[in-house]
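For reference, the structure is listed below as structure tokens.
The values are calculated or read from the model by the stated rules, or taken from the named source; none is laboratory data. Because the structure is predicted, anything quoted here is derived from the model rather than measured. Cβ placement follows ideal geometry from the backbone for every residue including glycine, while neighbour counts extend to all protein chains displayed. Calculation scope for accessible area: heavy atoms of the full protein, side chains included, ligands and nucleic acids excluded. Shrake-Rupley method; radii C 1.70, N 1.55, O 1.52, S 1.80 Å.
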Amino acid sequence: MATPDFIRTLRTSVGNDLLWLPGVSVVVLDDDGRVLLNRRSDTGEWALIGGIPEPGEQPAQCAVREVEEETGVHCVVERVLVVQALQPVTYDNGDTCQYMDISFHCRAVGGQARVNDDESLEVGWFDVDALPELNGFAHLRIKQALSDEPTWFEPTTPV
């Protein structure tokens, strides 16, 4: 994932310290029920499309923008799937971030799936029963997109 300019600016002040950031992830389905995935250039792993909203950008707008920027596919947001605070991650350069992920279910409405920037090695549509190896993060979100269940969130514990 390319680092947005506003985060580079923040890093000049906070160094490698933990940044709490918004993030979006996107399950894009086409009319045949296939899932759009990219093989990330930073890890080499297949994943959902995702990114970080720019300051002031609405999360749903970010989801649509990231899908188009990374894959060339045009989509519309159908619903929110998951809202989840993720575990902190430390990158190779020592930067530490923790993301509040908002996952969206989107429907493809145009464009052609292709590698459209330097964040992907490959882009493709996959039948749900023939997905490449994916982590639990992606599987939970795909399951939510294919169900009629309400938005998933971590339940609270009564106080």
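Against the criterion of being open to solvent by less than 60 Å² (accessible area, probe 1.4 Å), over 20 Å from ILE142 (Cβ atoms) and of a type in the set (Asp, Glu), ASP95 qualifies.
Here is the figure for region 80-118: residues that are free of Cβ contacts under 8 Å to residues at least 24 places away in the same chain, closer than 18 Å to GLU154 by Cα and assigned to a strand (DSSP E or B) total 0. Checked across region 108-120, the condition of being surrounded by fewer than 17 Cβ atoms within 10 Å (Cβ to Cβ), modelled with pLDDT under 95 and closer than 30 Å to ASP17 by Cα holds for at least one residue.
Yes or no: region 58-79 includes at least one residue that is without any contact (Cβ under 8 Å) to a residue 24 or more places away in the chain and surrounded by 15 or more Cβ atoms within 10 Å (Cβ to Cβ).
Taking region 58-79 first, the residues without any contact (Cβ under 8 Å) to a residue 24 or more places away in the chain are 58, 61, 65.
Applying the additional criterion that residues be surrounded by 15 or more Cβ atoms within 10 Å (Cβ to Cβ) yields 65.
There is at least one residue in region 58-79 that is without any contact (Cβ under 8 Å) to a residue 24 or more places away in the chain and surrounded by 15 or more Cβ atoms within 10 Å (Cβ to Cβ).
Taking VAL64, is it over 19 Å from PHE153 (Cα atoms), modelled with pLDDT of 95 or more, part of a strand (DSSP E or B) and among the β-branched types (Val, Ile, Thr)? It would help to see each step written out before you state the result.
On the way: over 19 Å from PHE153 (Cα atoms): yes; modelled with pLDDT of 95 or more: yes; part of a strand (DSSP E or B): no; among the β-branched types (Val, Ile, Thr): yes.
No: the conditions fail for VAL64.
If you go through region 13-54 and keep only what is assigned to a strand (DSSP E or B) and either under 21 Å from ASP95 (Cα atoms) or of a type in the set (Asp, Glu) (or both), you end up with LEU19, TRP20, LEU21, PRO22, GLY23, VAL24, SER25, ARG40, GLY50, GLY51. Do the conditions hold for VAL83, that is, is it more than 23 Å from THR12 (Cα to Cα) and touching a Lys or Arg at 6+ places or on another chain (Cβ under 8 Å)? Against the criterion (more than 23 Å from THR12 (Cα to Cα) and touching a Lys or Arg at 6+ places or on another chain (Cβ under 8 Å)), VAL83 does not qualify. The residue that is surrounded by the most Cβ atoms within 10 Å (Cβ to Cβ), counting only those in region 41-57 that are farther than 16 Å from ASP101 by Cβ and touching a residue at least 40 places away in the same chain (Cβ under 8 Å), is TRP46.
Restricting to region 1-39, name every residue that is within 16 Å of LYS143 (Cα to Cα), open to solvent by less than 10 Å² (accessible area, probe 1.4 Å) and either touching a helix residue (DSSP H, G or I) at 6+ places or on another chain (Cβ under 7 Å) or among the hydroxyl-bearing types (Ser, Thr, Tyr) (or both). Selection gives SER25, VAL26, VAL27, VAL28, VAL35, LEU36. Only one of the numbered conditions (1) at pLDDT 95 or above; (2) over 17 Å from ARG34 (Cβ atoms) is violated by ILE142, and that is (2).
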